[in-house]
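J.: Okay, here's the structure, questions in a sec.
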């Protein structure tokens, strides 16, 4: 055990899951509404209701979505 809880309480009383959004990095695959996207940007963790910019790998379309609705995608194969 590392001493860091799997879930943390925010100042507003909501709980966040450290296992998914805290480990996301730009360029990672993420899932939004059941579809895989590439993570292109994240607002700072201090921003309430933070958003992420994601890109559809097929069309290249970018959109801004709430980070809370993202889940970490499968690990990418290293080249």
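The values are calculated or read from the model by the stated rules, or taken from the named source; none is laboratory data. Only a predicted model underlies this, so the values are computations on that prediction, with no experimental measurement involved. For neighbour counting, all protein chains shown are included, and Cβ atoms are generated from backbone atoms with ideal geometry for every residue, glycine included.
J.: So, in segment 20-37, how many residues would count as being more than 10 Å from the chain's Cα centre (by Cα) and either at pLDDT below 90 or not in a loop (DSSP other than H, G, I, E, B) (or both)?
T.: Matching residues across segment 20-37 total 3.
J.: Touching a helix residue (DSSP H, G or I) at 6+ places or on another chain (Cβ under 9 Å), assigned to a loop (DSSP other than H, G, I, E, B) and modelled with pLDDT under 95: is that true of residue 49 in this structure?
T.: Values: touching a helix residue (DSSP H, G or I) at 6+ places or on another chain (Cβ under 9 Å): yes; assigned to a loop (DSSP other than H, G, I, E, B): yes; modelled with pLDDT under 95: yes.
Yes: the conditions hold for residue 49.
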